[in-house]
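*Asks:* Supplied in C-alpha cells, the structure appears directly below.
The values are calculated or read from the model by the stated rules, or taken from the named source; none is laboratory data. Computed from a predicted structure; not experimentally measured. Positions of Cβ are generated from backbone atoms using ideal geometry, with glycine treated the same way; all protein chains shown enter the neighbour counts. For accessibility, only protein heavy atoms count, side chains too; no ligands or nucleic acids. Shrake-Rupley method; radii C 1.70, N 1.55, O 1.52, S 1.80 Å.
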Amino acid sequence: MTTDGIGAPLRRKEDYRFLTGRGNYTDDINRPGQAYAVFVRSPIAHGRIRSVDTADAAAVPGVLTVLTGADVAADGLGGLICGWMIHSKDGSAMKAGAHPVLAQDKVRYVGDHVALVVAETQAAARDAAELVAVGYDELPAVADTAGARGASSAVHDEIADNTCYQWELGDQAATDAAFAGAAHVTTLDLVNNRLIPNAIEPRAAIGDYDRGSDSFTLYTTSQNPHVHRLVLSAFVGIAPEHKLRVVAPDVGGGFGSKIFIYAEETACLWASKRVGRPVKWTADRSESFLADAHGRDHVTRAELAIGADGRFLALRAHTTANLGAYLSTFSSCVPTYLYAPLLSGQYKIPAIHAAVDGVYTTTAPVDAYRGAGRPEATYVVERLVEVAARELKMDPAELRRRNFVQPADYPYQTPVIMTYDCGDYEASLDKALDLADYAGFAARRADAAARGKRRGIGFSAYIEACGIAPSAAVGSLGAGVGLWESGSIRFTPTGTVVVHTGSHSHGQGHETTFAQLIASHLGVEPGNVEVVHGDTAQTPFGMGTYGSRSLAVGGSALVKAADKIVAKGRKIAAHLMEAAEADIAFADGKFTVAGTDKEKSIQEIAFAAYVPHNFPGDLEPGLEETAFYDPVNFTFPAGTQICEVEVDPDTGVVEIVNFVAVDDFGVVVNPMIVEGQVHGGIAQGVGQALCENAVYDTGSGQLVTGSYMDYRMPRADDLPSFKVGLTVTPNPSNPLGVKGCGEAGAIAAPAAVMNAVTDAIGQEIQMPATAERVWRALAAAPMAAE
C-alpha cells in the first residue's frame, strides 16, 4: 500500500530536471538543417500597406526566402480564427475581422506581422529583416478602450463602429425594477487594467516538413497541442490532421497566453515546406511584450441595489471590453460567458443584468489570462460589496455573511446561468477572519496612525467556475469545440505504469499529481508511474490545460480509465484464483477473494495479462485502458482573501503587511502543490493591483510599457509571507470530488488589495495603486482618510 496517494504533500517529481537544467524546452530543440525565422513587424499602430519591397533583404547572404501577405494569399492559407461564437443582444452574430497570418492590405497594431525572413542563421535573418522596406499610409490609432466605439477610425473597414458585439445576460426588466425599489444603491466606475502575461519562457516554434511522408511536425510552446493541430489543419489548411504532429515539450509557464494559435508558429510550419528545411523562431522579450495576447482591459460601470435590511436585491454592470486588433482563439468568450455568469459571486442576488460591448482597438489581441473573466467579475462584485459596506456603515464581513448562499440552498441556481453545487462560504470567511486576527485590526490601525501611517483592510470573497465544461453547456453558449478530456493507463508487463493524458503540464505538477491519482486508485507507487503529455502522436486527443480543468476533467478521465483497469483485472484475478468474479475485491493494489486469504497484486495481474498462458478465453491480452470524461457541471472553487496594507502618505508607497487566503478546492490531491499554486496566483493578483499596467499612447497607439523598465512586475519584496488555509466541501459533480486551484489567487487578490488600499486612504482610485497614484490621490484630498 502506498502512502503517497491523494492527500500526500509529495515533492514534485519533475522538479529535479528543471532545477538541474535538464528541462527540454522548445528553444532547446534543434533539427538537422534548421533555418531561422525573424518577423518584420509593423512600427505603427494603424495603416494601409502601400508596398513591401523585399529585394534588398533577399540579397543578404544566407537568406533563404522572404515571405509576405501576398505569398500567404497565393498559397491559399486560411486566417487565424476565434473558436467561440457570440451573438449580440439583437441576435446578430459577432463581427469577426479577418486575421491573416501575415498582414494583407493593412496593419492594425504595433507588432503586427508584415513579413517573414528565413535564413541560415538568426543573425542573417535579423539583418535582412531590417532591409525589408514597407510603405505605409498611416491612419489614426484607436487605443482608448472607452472611446473605441466613437472613434473616427475603423480598425476593420467593414466594422464601422469598432464593435464586435453588444451582448447581454440576465433579466434587465427585473433588475431595473429591483433598483427602483432599493433602499440604497452603490455605484462604482472601475477599470480592470490591461496586463501582459510575461511567462518566464517566451513563445517559440519549430516547423519541420518531411517531404518523404508529406507531413509536418510543429514543436511549440502550447498549453493544448491537440487544439493547435485541429485549428492549423481544419481552418488554416496547413495539412490534413493526420499529417500534422504537434509537440509541446516542457513549457515554462503559460497563464493562458500559450493556449492560442498565433501567426508565428503557423508561419514557421508553412515556411518549412516553402524552403524544404526546419524553420525555428524564438521570441525575444520585446516581441513578447508586443505580440503575446494581453489580458483584462475592461472599463465598467457597476451598481448594487440593497434593501433596508442589508440584503442584496440586484446588480447591474455595463462593461466595455477591449478585444485588441483581432479576435484571438477564445477572446470573444472571456468578457462574456467567462465573466457575467460569475457576477452573482457567493451571494443571493435575485436579479442581475450585464451588458458587454466588445470593441476592436489598434492594440495587441486580448484573450484569456490567469482567471480569464473570473478576476474581472470578482473585482466588480467585491469592490461593490466593500464600498456598500462603507456607505452603509456596516462591517464588510457581516454584510457578506448576511448575503451568502447557504449550504442548505444547494443546488443554487443563480440568475446568470450557473448552478452552484456545493460550498460553505461562511466557513472560509470565519477561518480567514481568525488567521487575519481581524478582531485586532483596530488596534493595529491606531498604532499605524501614531507612526504617521495609514492602515487599511480589505476582503475578497470570490467564486469561480472551473473545468470549462460540460461540452453540451458550452456548446449551447457558442463554443466551437467540446471540452471533455481524455486519459489512458498502460501497465507494462513488469507492473509499472505509463499514463497518457490529453491535459498539458506547464508548471502545474501533473507528473506528480496524476501519479498520485494512480497510486490511490491502483496501488502503484508514484515513482513507478510515468506521465506522458504534450505530443499529439503519443497521447489521446485532448483539450489541454486552462481554466483550472486538468484535475477535475483530465484527472477524472484517468479515474474512469483506472476503473476499467480494475474491472478487467478483477476478471483476470477471478480466473487465476478460481473464484467467482463477484467475490473479487480490489483495494490497496491487491485483488482478494472474499472469505479467503487468496490474493494477487495488480503487478501479478499485469504480468498475467501480457504472458497469458493461463488467461480467460473471452478477454484480450494486455492491460491498457482509455477513457474520455465530460463532466455534468462546472466546478466552483470559492474562498475568502483578506489583505492588510500600510500606506506611507509622504511617498504613497503601499506595503502589504498581512495577506490571508482561505480556499475551498474540494478534495486536495497534493496540499504542497496547491499551496504553491495559491502563492503564485496571489503574486500575480498583487502585481495587477499595485504595479502591472500595459499602457498604449492614445495618440500614436505605441506601447509605452514595452519593457521591464516601464512594465513593473511584482518582486519578492512586494509580497509578505502568505497565510493560507483550506476548507473542504467535496465536489459532487466529478468522481474525485476536486474543484481546481490554479487561478484562485489571481482571481481574488486584486479586489482584496484594492479594498485595503482604498480603506487606508479613504477614497477611490483605479488599479494599479502605484506609489505615484496613491500619493497624488492623497495630495489632492489629504484629509480623506483622517
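*Asks:* Looking only at the chain, where both bridge partners belong to it, what percent of the DSSP beta bridges are antiparallel (to the nearest 5)?
*Replies:* Here the antiparallel bridges make up roughly 80 percent for the chain.
*Asks:* Exceeding 30 Å between C-alpha atoms, which entries from my cross-link table qualify? They are K13/K560; K564/K598; K89/K393; K13/K739; K95/K348; K13/K258. Present the calculation step by step, with values, prior to reporting the outcome.
*Replies:* Details: K13/K560 24 Å; K564/K598 22 Å; K89/K393 38 Å; K13/K739 23 Å; K95/K348 35 Å; K13/K258 23 Å.
In this structure, K89/K393; K95/K348 exceed 30 Å between Cα atoms.
*Asks:* Order R50, R444, R773, most accessible first, counting only protein heavy atoms with a 1.4 angstrom probe.
*Replies:* R50, R773, R444
*Asks:* Kindly rank 207-214, 218-225 from highest to lowest mean number of other beta carbons found within 10 Å of each residue.
*Replies:* So the order, starting with the most tightly packed, is 218-225, 207-214.
*Asks:* Lys/Arg Cβ at +1, Asp/Glu Cβ at -1, dipole of the range 484-629 taken about the Cα centre: which of Y610, T492, H533 is farthest positive-ward?
*Replies:* With unit charges placed on the Cβ atoms, the residue in question is H533.
*Asks:* Another question, then. Based on the Cα atoms of the range 535-666, what semi-axes does the equivalent ellipsoid have, where each is the square root of 5 times one gyration tensor eigenvalue, given in whole Å with the largest first?
*Replies:* Computed over the range 535-666, the values are 50, 19, 13 Å.
*Asks:* Still on this structure, I have one more. If one computes the Cα centroid of the range 651-685 and of the range 588-643, what distance in Å separates the two points?
*Replies:* Taking the Cα centre of each part, the range 651-685 and the range 588-643 sit 34 Å apart.
*Asks:* Considering every Cα-Cα pair within the range 459-570, what fraction, in whole percent, is farther apart than 20 Å?
*Replies:* For the range 459-570, the share of Cα pairs beyond 20 Å comes to 43 percent.
*Asks:* Order T26, T282 by their accessible area, 1.4 angstrom probe, all chains in place, largest first.
*Replies:* From most accessible down to least: T282, T26.
*Asks:* Let me check the size of the range 86-182 from its C-alpha atoms; what are the radius of gyration and Dmax in Å?
*Replies:* 21.0, 72
*Asks:* Roughly how far apart, in whole Å, are the Cα centres of the range 249-303 and the range 82-128?
*Replies:* 11
*Asks:* Among 375-388, 250-263, how do they line up by average Cβ neighbours within 10 Å per residue, starting with the highest?
*Replies:* Most protected by this proxy first, the peptides run 375-388, 250-263.
*Asks:* How high is the relative contact order of the range 484-629, given as a whole-number percent (alpha carbon pairs under 8 Å, six or more residues apart)? Don't skip to the answer; put the middle values down first.
*Replies:* Values: 285 pairs, mean separation 47.9, N = 146.
Value for the range 484-629: 33 percent.
*Asks:* Tally the DSSP beta bridges in the range 492-642 and give the antiparallel ones as a percent, rounded to 5.
*Replies:* 65
*Asks:* Out of the total accessible area of the chain (probe 1.4 Å, heavy atoms of protein only), what percent is carbon and sulfur?
*Replies:* Of all accessible area on the chain, carbon and sulfur atoms account for 52 percent.
*Asks:* In what sequence, largest accessible area first, do L576, L623 appear using a 1.4 Å probe?
*Replies:* Listed by decreasing accessible area, they come as L576, L623.
*Asks:* Then there is this: Over 12 Å apart: what share of the alpha carbon pairs of the range 467-524 falls there, rounded to a whole percent?
*Replies:* 73
*Asks:* Viscosity 1.567 mPa s, temperature 4 °C: give me the Stokes-Einstein translational D for the range 623-770 in µm²/s, with Rh taken as the Kirkwood radius over C-alpha pairs.
*Replies:* 75
*Asks:* Can I ask one more? Which whole-number percentage describes the relative contact order of the chain, with Cα contacts under 8 Å and a sequence gap of 6 or more?
*Replies:* The value is 16 percent.
*Asks:* Residue by residue, what Karplus-based ³J(HN,Hα) values in Hz, rounded to whole numbers, does the range 125-142 have, using 6.51, -1.76 and 1.60 with θ = phi - 60° and x for Gly and Pro?
*Replies:* Taking θ as phi minus 60°, the curve returns 5, 5, 4, 5, 4, 6, 9, 5, 9, 10, x, 10, 9, 5, 10, x, 6, 10 Hz for the range 125-142.
*Asks:* Would you mind getting the accessible area per residue of the chain, heavy atoms of the protein chains only, 1.4 Å probe, in Å²?
*Replies:* Ligands and nucleic acids excluded, the figure is 35 Å² per residue.
*Asks:* Per-residue counts of other Cβ atoms within 10 Å, averaged by peptide: what ranking do you get for 475-482, 161-168, highest first?
*Replies:* Listed from highest to lowest mean packing, they are 161-168, 475-482.
*Asks:* With every protein chain left in place and a probe of 1.4 Å, what is the accessible surface of K13, to the nearest 10 Å²?
*Replies:* Ignoring ligands and nucleic acids, K13 comes out at about 80 Å².
*Asks:* Going toward the positive end of the dipole of the chain, with +1 on Lys and Arg Cβ and -1 on Asp and Glu Cβ, which of G467, Y337, S233 do you reach last?
*Replies:* Selected residue: S233.
*Asks:* In square nanometres, what is one fourth of the surface area of the convex hull spanned by the alpha carbons of the chain?
*Replies:* 36.0
*Asks:* Something else: Below 8 Å between Cα atoms, with a sequence gap of 6+, how large is the relative contact order for the range 75-186 in percent?
*Replies:* 26
*Asks:* Where the centre of each part is set by its Cα atoms, how far does the range 212-229 sit from the range 531-570, in angstrom?
*Replies:* Spelled out, the Cα-based centre of one part sits 20 Å from the other.
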